[in-house]
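Right, one structure below, let's go through it.
The values are calculated or read from the model by the stated rules, or taken from the named source; none is laboratory data. Just so it is clear, the model here is predicted, and its values are computed rather than measured. Cβ coordinates were reconstructed from backbone atoms using ideal geometry, including for glycine residues, and neighbour counts include every protein chain displayed. These area figures cover heavy atoms from the full protein model, side chains too; ligands, DNA and RNA do not enter into them. Shrake-Rupley method; radii C 1.70, N 1.55, O 1.52, S 1.80 Å.
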Amino acid sequence: MAESISHKGKITRITPQVTTVSILQHAACGECHIAGLCTMSELAEKTVDVPTDPYSNYKVGDEVEVLLKASMGFKAVWLCYAIPLVVLLGVILALMGLGVAEVPAALAGLASIGLYYLMLYLFRDKLKNEYIFTIKG
């Protein structure tokens with residue numbers, strides 16, 4: 001993959017459908033230019049499910065590299081941080097422009113963010129299908 005985000009990990013479980021990889025945080029995350037936005041830099045350990053390749057020779061305990069297209073990482077940043085900020089500011093400014101007081105406008109803005117994240121939660125299975133990790137031995 002040309003433009004990809006990669007993390008080293010260890011295979012913890014293999015089933016016919018899914019290979020589970022445990023990713024450990026490395027000091028290299030501090031040098032990454034998007035480390036502040038990436039949840040991988042905040043966690044000591046994370047598990048990732050990767051579709052199992054039936055022709056692979058991986059075993060539990062093997063060290064592998066998990067890859068995700070960089071465009072998917074940036075899409076996640078937009079979905080989780082940028083769009084909610086626009087929604088929050090849009091609702092607050094629109095309501096204040098209509099003459100609503102600051103506190104109710106702020107509460108409505110927070111409610112809109114809650115609704116936005118609820119929608120993300122409800123569509124999590126569809127989003128999960130878009131974020132497909134691959135293994136590079």
> Which is touching an Asp or Glu at 6+ places or on another chain (Cβ under 6 Å) and within 30 Å of T47 (Cα to Cα), of K75, K136?
Replying inline: K136
> Are any of the residues in segment 67-85 loosely packed, with under 15 Cβ neighbours inside 10 Å, more than 22 Å from the chain's Cα centre (by Cα) and of a type in the set (S, T, N, Q)?
Replying inline: no
>> So for segment 94-115 (the condition being under 22 Å from S4 (Cβ atoms) and open to solvent by 40 Å² or more (accessible area, probe 1.4 Å)), does at least one residue qualify?
In response: no
> Got a number for residues in segment 54-66 being modelled with pLDDT of 80 or more, of a type outside the set (S, T, Y) and within 22 Å of Y131 (Cα to Cα)?
Replying inline: 4
